[in-house]
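I have placed the structure first, in the form of structure tokens, so that the comments after it can refer back to it.
The values are calculated or read from the model by the stated rules, or taken from the named source; none is laboratory data. Since the model is a prediction, treat every value here as computed from it, not as a measurement. Glycine also receives a Cβ, built like all others from the backbone with ideal geometry; neighbour counts cover every protein chain displayed.
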Amino acid sequence: MPVVVLIGCQWGDEGKGKVVDFFARKAEVVARFQGGNNAGHTLVVSGEQVILHLVPSGILHPGKLCIIGNGVVIDPEVLLEEIEALRAKGHLNDDSRLKISDRAHLILPVHKAVDLASENKKGASKIGTTGRGIGPSYSDKASRSGLRFGLLKNPDLLKNNLKKVIEEKNQYLTKVLKAEPMDPEKIIKKFITLSKKLAGYSENTGLLLHQLIKEGKKVLFEGAQGTMLDMDHGTYPFVTSSNTVSAAAATGSGIGPKLIDRIIGISKAYTTRVGGGPFPTELKDELGEKLRERGGEYGSTTGRPRRCGWIDLVQLKYAVRLNSLTDLVVTKLDVLSGIDQIKVCVGYQYQGELLNDFPAEIEILDALEPVYKEVKGWKEDLSGAKEFNELPFAARDYLKFIQDELAVPLLAVSVGKDREQIIPLGEPFQ
Ligand code: GDP
Ligand code: IMO
Ligand code: MG
């Protein structure tokens with residue numbers, strides 16, 4: 001089972017970074033395939049915290065190859081900062097451990113400006129983006145005017161292309177969005193400097209991955225965001241601008257889908273979402289506040305408070321189906337300790353009818369009533385549990401109920417931030 005994809009099943013921040021870092025010890029390659037630095041993946045090793053935005057979460061393990069695939073959008077300034085921060089901590093001493101697809105698209109300062117100005121213009125109906133230029137960069141990719149990472153190897157071509165894109169974006173910024181234009185010369189100068197430092201990472205990573213997989217190397221694909229932020233299947237338009245489902249691991253890395261052996265979905269033991277958009281099981285009361293404080297639910301990228309609510313099995317069943325999940329990992333179980341009665345959403349009621357699938361319409365999602373089953377909670381602190389049998393009965397029953405309802409076996413349960421605070425129930429590469 002050498003090729004494993006790991007994706008978020010909810011609205012992001014499920015703990016993908018932590019779990020990828022844990023499973024990476026058994027992998028030889030870790031690869032990102034979509035999203036950009038809208039992602040914030042937190043790793044805690046022996047109390048030391050690292051938040052990664054672009055570099056794959058295998059980087060803290062010496063000797064593992066980390067790949068940023070063609071489906072990712074890259075802000076070169078952020079990438080360089082991240083590389084330098086990792087180097088300063090002694091984590092990326094060997095540059096050959098990081099390879100970046102020459103086909104990955106670039107995020108330019110004008111994309112960030114357009115992202116922010118579009119959100120401003122939308123007012124109350126804004127998406128609540130991370131403001132990192134993700135949407136505008138993917139828009140340029142789709143409209144075939146984007147610039148790719150491989151261009152950093154050719155400064156003359158880079159200059160000409162940058163000039164064209166910036167001039168065009170300035171028209172849009174000033175005339176449509178009524179925002180300030182950007183200085184092309186300043187951006188070009190900055191990008192030429194960046195290109196000298198980053199061009200060496202550029203590679204045909206699709207070919208490389210294919211060869212590594214043929215050699216039998218164990219590859220772990222690391223999703224960003226979550227299933228409900230997928231631009232086709234999520235709560236559109238309150239989504240990100242990439243496909244976040246498991247199928248994107250193939251298109252976003254350049255391998256064929258038949259090479260994927262196993263697909264792991266991660267869910268928190270409850271639900272969170274950051275930014276706008278529907279959230280059927282949201283708790284707008286003290287309990288929601290309690291989950292936020294206990295779970296440290298503040299965005300890893302923007303610091304915004306995350307909205308919190310109960311686990312939603314209608315939504316998770318949809319994620320199981322969309323991703324062809326073979327395995328489930330539940331994180332942050334420790335956060336639920338001390339809640340007497342835990343609610344689990346088992347259905348949606350809308351205008352007197354029980355819905356049997358996750359609806360497409362925002363209006364329905366906003367109006368529906370979740371149907372809850374109440375289960376018994378537990379009081380014990382779970383953060384030191386090393387084995388499933390060490391968990392209180394009620395916590396085990398909670399996990400078994402989720403596993404049975406979703407009909408996907410549990411591969412691991414996370415009970416704390418640290419790399420070691422996890423109860424493995426199986427091996428991802430077997
Ligand atoms: P990602 O985007 O999916 O990688 O998740 P984030 O890193 O944005 O958010 C997850 C947060 O929960 C981080 O602060 C993690 O350190 C933390 N975390 C991960 N797993 C656990 C867990 O099992 N228990 C607790 N208490 N915190 C966790
Ligand atoms: P990780 O990988 C949670 C959300 C934003 C916003 C919407 C669109 O850490 O789980 P964008 O900047 O992508 O155009 O914003 O998507 N969002 C995330 N929410 N975790 C993430 O990544 C996210 N990346 C984007 O808050 O609602
Ligand atoms: Mg995150």
Count - residues of the stretch 121-156 that are without any contact (Cβ under 8 Å) to a residue 40 or more places away in the chain and surrounded by 15 or more Cβ atoms within 10 Å (Cβ to Cβ):
2
Entirely in the stretch 151-259, the helices (runs of 4 or more DSSP H) that have 1 or more residues that are over 16 Å from the mean Cα position of the chain (by Cα) and outside the structural domain of Leu80 (by TED's automatic domain parsing):
155-171, 184-198
Any idea which of (1) more than 16 Å from ligand 2 (Cβ to nearest atom); (2) of a type outside the set (D, E, K, R); (3) crowded, with 21+ Cβ neighbours inside 10 Å; (4) closer than 24 Å to Gly35 by Cα is the one Ser324 doesn't satisfy?
(3)
Considering (1) of a type outside the set (Gly, Ala, Ser); (2) within 16 Å of ligand 2 (Cβ to nearest atom); (3) not assigned by TED's automatic domain parsing to the domain that holds Lys332, say which one Thr272 fails and leave the rest.
(3)
For the stretch 172-186, name all the residues that are closer than 20 Å to Pro155 by Cα and surrounded by fewer than 14 Cβ atoms within 10 Å (Cβ to Cβ).
Asp183, Glu185, Lys186
Please return the ranges of strands (runs of 3 or more DSSP E) entirely within the stretch 305-351 where 2 or more residues are outside the structural domain of Ile402 (by TED's automatic domain parsing).
none
I'd like the residue in the stretch 212-237 that is more than 16 Å from ligand 1 (Cβ to nearest atom) and closer than 14 Å to Gly276 by Cα and, out of all such residues, is surrounded by the most Cβ atoms within 10 Å (Cβ to Cβ).
Thr235
Can you say whether Lys189 is exposed (fewer than 14 other Cβ atoms within 10 Å of the Cβ) and either free of Cβ contacts under 8 Å to residues at least 12 places away in the same chain or among the aromatic types (Phe, Trp, Tyr) (or both), as far as the supplied structure shows?
yes
When residues of the stretch 14-48 are filtered for being within 12 Å of ligand 3 (Cβ to nearest atom) and of a type in the set (Lys, Arg), how many remain?
2
Leading residue by the ranking (farthest from ligand 1 (Cβ to nearest atom)) among those in the stretch 272-286 that are buried (at least 19 other Cβ atoms within 10 Å of the Cβ) and outside any loop (DSSP other than H, G, I, E, B)
Arg273
Where a residue in the stretch 284-304 is in contact (Cβ under 8 Å) with a residue 24 or more places away in the chain and farther than 11 Å from Thr272 by Cβ and its partner, wherever it lies, is more than 12 Å from ligand 3 (Cβ to nearest atom) and among the aliphatic types (A, V, I, L, M), with Cβ under 6 Å and at least six apart
Arg294/Val335
Give me a count of the residues in the stretch 291-309 that are out of contact with any helix residue (DSSP H, G or I) (no Cβ under 9 Å at 6 or more places or on another chain) and away from ligand 3 (no atom under 14 Å from the Cβ).
2
Contact list, first residue from the stretch 42-69 and in contact (Cβ under 8 Å) with a residue 12 or more places away in the chain, second anywhere and among the charged types (D, E, K, R) and assigned to a loop (DSSP other than H, G, I, E, B), beta-carbon distance below 6 Å, six or more apart or interchain, is Val44/Lys417; Val45/Arg419; Gly58/Lys64
